[in-house]
Amino acid sequence: MLERDLEKQLIAKAKLAGGVAIKWTAPSMAGVPDRIVILPGGKIVFVELKAPGKRPSLIQQRTIEMLRELGASVFVIDSREGLDELFA
């Protein structure tokens, strides 16, 4: 499965759950997660999508760690099962 296939599934699952999966780009900050997912009830999570078995780059790992230290929920997802966990 390709990363773009997971991204399409993420967008569809977010919409089905009544939320959105917004593409996140930050020109002034490298390594931000791919999507910000906002769900009903105020649930907001950051999602970094990867092809199966792939890991985030070093700069992505550092950015994910910084977000987590600030109290944000960040998911790194490389499978359909990972998507299922997010929306469980």
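Details
- Selection of the range 64-88 for residues being out of contact with any strand residue (DSSP E or B) (no Cβ under 9 Å at 6 or more places or on another chain), of a type in the set (Asp, Glu) and more than 23 Å from Met1 (Cα to Cα) yields only Glu69.
- Checking the range 64-71 against the condition returns a match, with at least one residue being surrounded by fewer than 17 Cβ atoms within 10 Å (Cβ to Cβ), part of a loop (DSSP other than H, G, I, E, B) and at positive phi.
- Enumeration of residues in the range 1-24 that are of a type in the set (A, V, I, L, M), closer than 15 Å to Val76 by Cα and in contact (Cβ under 8 Å) with a residue 40 or more places away in the chain: Leu2, Leu6, Leu10
- Among the residues making up the range 13-35, those that are part of a helix (DSSP H, G or I) and more than 16 Å from Gly82 (Cα to Cα) are Lys15, Leu16.
- Every residue from the range 22-43 that is in contact with a helix residue (DSSP H, G or I) (Cβ under 6 Å, 6 or more places away or on another chain) and surrounded by fewer than 12 Cβ atoms within 10 Å (Cβ to Cβ): Ala30
- Residue within the range 1-12 that is part of a strand (DSSP E or B) and at pLDDT 95 or above present: no
- Members of the range 9-21 that are of a type outside the set (S, T, N, Q) and surrounded by 13 or more Cβ atoms within 10 Å (Cβ to Cβ): Leu10, Ile11, Lys13, Ala14, Ala17, Gly19, Val20, Ala21
- For the range 45-63, the count of residues that are farther than 21 Å from Glu3 by Cβ and at pLDDT 95 or above is zero.
- Residue among Lys43, Lys54, Lys23 that alone is of a type outside the set (Ser, Thr, Tyr) and within 10 Å of the chain's Cα centre (by Cα): Lys23
- Beta carbons closer than 7 Å, at least 6 apart along the sequence or on distinct chains, pair a first residue in the range 58-78 that is without any contact (Cβ under 8 Å) to a residue 60 or more places away in the chain and under 11 Å from Gly31 (Cα atoms) with a second that is surrounded by 14 or more Cβ atoms within 10 Å (Cβ to Cβ) and of a type in the set (Asp, Glu) for Gln60/Glu48; Ile64/Glu48.
- Meets criteria (out of contact with any Asp or Glu (no Cβ under 9 Å at 6 or more places or on another chain), in contact (Cβ under 8 Å) with a residue 12 or more places away in the chain and not in a helix (DSSP H, G or I)) for Ile38: yes
The values are calculated or read from the model by the stated rules, or taken from the named source; none is laboratory data. The shown structure was predicted, so the numbers you read here are calculated from the model rather than taken from an experiment. Neighbour counts are summed over all protein chains in view; Cβ atoms, including those assigned to glycine, are modelled from backbone coordinates with ideal geometry.
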